[in-house]
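Take a look at the structure set out below.
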Amino acid sequence: MTSEPVLVIGAGASGLAAAAELQRRGVQAEILERNDTIGSAWQTRYDRLRLNTCRWNSTLSRDPFPKGTPVFPVRDEFVRYLGSYAESHQLPVQYGVEVKRIDSCDGKWRLATSDGERTASQVIISTGYMHTPRQPDWPGLDRYVGRLLHSAEYRNAAPFRNADVLVVGAGCSAMDIATDLAHGGAGRVRVAVRTQPNLLRRAPLGLPADLLFTVLFRLPPQRADGLDRVLRRVTIGPLVAHGLTVPDEGPYTRARRTGSGPTIVDKAVLQAFKSGRVEVVAGVSSTDADGVRLIDGSTVRPDVIIAATGFTTGLTEVVGHLGVLDDRGFPLATGGPAALPGLRFSGYVANIRHQYKDALRVAEGVAHELIYQGV
């Protein structure tokens with residue numbers, strides 16, 4: 001083992017994998033986690049959450065899920081998997097340590113944390129791409145008199161029984177939460193959609209969507225988009241009458257342009273829209289004391305707004321001054337190369353298997369510097 005530990009920030013999937021792969025290469029690692037548990041970002045997500053990647057594509061290294069795990073593990077099954085992974089690899093985690101800023105200092109990195117100052121020659125940041133809820137900034141929000149919460153705060157439908165709820169967004173979480181509300185007794189559920197989503201069944205024709213998407217992504221985007229239109233017609237059917245149209249830009253073209261994947265839906269989600277239990281309205285333009293104004297000029301007056309408006313990396317305050325982030329706050333260099341000497345990022349991708357591959361490349365890079373180059 002190397003004498004000085006590599007500091008890994010974050011005890012999520014990528015951080016755990018990076019530490020395990022470092023230890024496997026004889027490099028001591030220490031994980032700093034701001035919360036009091038492993039995989040905290042997963043533990044606080046909504047109860048209905050099910051992975052959009054199949055269990056074979058959601059593992060770290062060769063550590064499999066336990067026998068009997070469904071094809072698409074639910075939230076708690078993945079949380080248990082991460083805990084078992086950390087235990088089996090005997091990963092050292094310091095809980096309750098939040099890293100607030102990182103600066104260069106005499107050839108090392110100085111970390112200002114909630115538990116004092118730390119220094120290290122090698123630092124891996126793995127705090128996740130869904131770190132900080134992106135709060136909406138609609139005009140007039142300060143005058144809205146109803147309840148507003150981010151999707152990160154939503155757990156289940158129980159607190160919203162008989163309520164009129166507006167879910168804002170058209171991603172996986174928005175669709176899941178709207179369906180959960182409709183089944184859980186909300187009085188009315190509407191989804192505000194600004195950009196029509198590319199929908200994909202979680203297991204179209206019995207094949208896990210994440211595996212299918214990976215295969216088709218290798219094709220020219222126009223060809224892949226054409227195949228997707230056929231697949232959507234067969235497995236989803238027309239939803240125009242229910243407010244959801246097929247976007248002009250297909251999922252593979254959009255993924256290459258924006259880095260975002262399709263909206264994964266299951267049978268329950270589709271039935272909720274087709275039955276009218278979930279209604280589609282236009283995107284939000286502004287809010288005021290009278291309610292929520294939509295981009296088509298209409299006004300709705302929900303009791304509650306749930307903003308499924310995404311997340312940020314939360315990295316700007318920590319390393320933004322180092323010039324290592326793009327204009328969205330994502331690392332310019334991730335998954336292997338050092339952003340700066342001794343500073344790497346890992347796991348800023350959506351697919352869990354890709355997060356592991358990121359961690360593997362990062363660990364290889366660090367080990368090469370520390371062991372083979374004698375740094």
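With a cut-off of 10 Å between beta carbons, the residues surrounding Ala120 carry a summed charge of +1, where Lys and Arg count +1 and Asp and Glu -1.
Across region 1-120, the mean sequence separation of Cα contacts (distance under 8 Å, 6 or more residues apart), normalised by length, yields a relative contact order of 27 percent. A 1.4 Å probe over all protein chains sorts Met130, Met175 by accessible area into Met130, Met175, starting with the largest. Evaluate E = 1/(1 + (r/R0)^6) for Leu227 and Lys100, where r is the Cβ-Cβ distance and R0 equals 45 Å; express this FRET efficiency to the nearest 0.05. Calculated transfer efficiency: 0.45. On full extension, the segment bounded by Val145 and Ala282 gains 47.3 nm, given 0.36 nm per residue less the C-alpha separation.
At 1.4 Å probe radius, can you tell me the per residue accessible area of region 281-375 in Å²?
On the way: 4080 Å² over 95 residues.
That works out to 43 Å² per residue.
Note on Lys108: lysines with a C-alpha under 20 Å away, same-chain residues under 8 apart excluded, are Lys100. Taken along the Cα-to-beta-carbon direction at a fixed 7 Å, the label points for Arg80 and Arg110 span 4.6 nm. Each peptide among 239-249, 222-232 gets the average number of other Cβ atoms lying within 10 Å of its residues, and from highest to lowest they stand as 222-232, 239-249.
Quick one: if the Förster radius is 25 Å, what FRET efficiency do His183 and Thr69 give, using the C-beta to C-beta distance and rounding to 0.05? Walk me through the numbers on the way to the answer.
Details: r = 24 Å, r/R0 = 0.95.
With R0 = 25 Å, the Cβ-Cβ based efficiency is 0.55.
Within the straight-line cut-off of under 17 Å between alpha carbons, the aspartates and glutamates reachable from Lys274 are Asp176, Asp180, Asp266, sequence neighbours fewer than 8 places apart in one chain being disregarded. Residues whose amide H lies under 5 Å from that of Val6, counting only those 5 or more places away or on a different chain, are Gln28, Ala29, Glu30; hydrogens are built 1.01 Å from N in the peptide plane. For the pair region 114-160 and region 296-363, the centres of their Cα atoms are 13 angstrom apart. Round to the nearest 0.05 the FRET efficiency obtained for Leu211 and Glu153 when R0 = 41 Å and r is the Cβ-Cβ distance. FRET efficiency, Leu211 to Glu153: 0.80. Entry note, region 68-169: relative contact order of 12 percent, from Cα contacts under 8 Å with a spacing of 6+ residues. Could you give the length gained on full extension between Leu322 and Glu4, defined as 0.36 nm per residue of separation minus the Cα-Cα distance, in nm? Roughly 112.1 nm would be gained on extension. Ignoring any ligand, DNA or RNA, what whole percent of the accessible area of region 303-375 comes from carbon and sulfur when the probe is 1.4 angstrom? Carbon and sulfur atoms account for 54 percent of the accessible area of region 303-375. Stretched out straight at 0.36 nm per residue, the stretch from Gln90 to Arg194 would grow longer than its current Cα-Cα span by 32.8 nm. The distance separating the Cα centre of region 3-25 from that of region 216-239 comes to 39 Å. Ignoring ligands, DNA and RNA, what percent of the accessible area of region 168-217 is carbon or sulfur (1.4 Å)? That fraction is 60 percent.
Approximating the spin labels as points 7 Å out from Cα along Cα→Cβ, the Asp47-to-Leu219 distance works out to 4.1 nm.
In this simple spin-label approximation, Arg256 and Ala289 carry label points 7 Å from Cα along the Cα→Cβ vector, and these lie 5.2 nm apart.
Based on C-alpha pairs under 8 angstrom that are at least 6 apart in sequence, the chain has a relative contact order of 23 percent.
Per residue, the accessible area of region 141-194 comes to 40 Å² when a 1.4 Å probe rolls over the protein heavy atoms. D by Stokes-Einstein for the chain, Kirkwood Rh over Cα pairs, 4 °C, 1.567 mPa s: 59 µm²/s.
The values are calculated or read from the model by the stated rules, or taken from the named source; none is laboratory data. No experiment lies behind these values; they were computed from the predicted model shown. A quick note on method: Cβ atoms are made from the backbone with ideal geometry, for glycine too, and the neighbour counts reach across all protein chains shown. With ligands, DNA and RNA removed, areas are computed over all heavy atoms of the protein, side chains included. Shrake-Rupley method; radii C 1.70, N 1.55, O 1.52, S 1.80 Å.
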